[in-house]
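Report on the following structure.
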Amino acid sequence: MLIKDCNMKLLEMRPSIDSITLITRRLLGRPKFFSRWFKKESPLNRVISIFGIFLRKNHKQINKFKLLFCGQFTFVAKKRLE
């Protein structure tokens, strides 16, 4: 809604680190070991990918499920030309 209200167009939205890994990282005092999953696929996201492939889901369906459990996501938007 924010993107729409700002007269922008959503180009991409994807999950980042999953919420369970993010919460665990916080509870353990933010050890550096967990920082790797900001750049690589986090543990729960990896499980979701494997199950998605096993269940013959397409990339869009897998990403939707990852977004449901994400602790952080990334999006790209651009201003609409008038």
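Quick note: the coordinates plus some simple rules give every number you see, no bench work behind them. Everything numeric in this text was worked out from a predicted model, so none of it was measured. Glycine gets a Cβ as well: all are built from the backbone with ideal geometry, and neighbour counts include every protein chain shown.
Quick one: what pairs do we get from the stretch 36-48, first residue under 14 Å from LYS64 (Cα atoms), second aliphatic (A, V, I, L, M) and in a helix (DSSP H, G or I), C-beta under 6 Å, 6+ apart or different chains?
What qualifies is LEU44/ILE20.
For the stretch 56-65, which residues satisfy the criterion of being surrounded by 11 or more Cβ atoms within 10 Å (Cβ to Cβ) and out of contact with any Phe, Trp or Tyr (no Cβ under 9 Å at 6 or more places or on another chain)?
GLN61, ASN63, LYS64
When only residues in the stretch 1-42 that are in a loop (DSSP other than H, G, I, E, B) and among the small types (Gly, Ala, Ser) count, which is farthest from LEU81 (Cα to Cα)?
Checked the stretch 1-42; the qualifying residue farthest from LEU81 (Cα to Cα) is GLY29.
Matching residues to (1) in contact with a strand residue (DSSP E or B) (Cβ under 8 Å, 6 or more places away or on another chain); (2) among the β-branched types (Val, Ile, Thr); (3) more than 29 Å from LYS79 (Cα to Cα); (4) exposed (fewer than 10 other Cβ atoms within 10 Å of the Cβ):
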position	(1), (2), (3), (4)
LYS9	yes, no, no, no
PRO15	yes, no, no, no
THR21	no, yes, yes, no
LEU27	no, no, yes, yes
ARG36	no, no, yes, no
GLU41	no, no, yes, no
ASN45	yes, no, yes, no
PHE54	no, no, yes, yes
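Going through the stretch 47-82 one residue at a time, which ones are more than 23 Å from LEU11 (Cβ to Cβ) and part of a loop (DSSP other than H, G, I, E, B)?
Within the stretch 47-82, LEU55, ARG56 meet the criteria.
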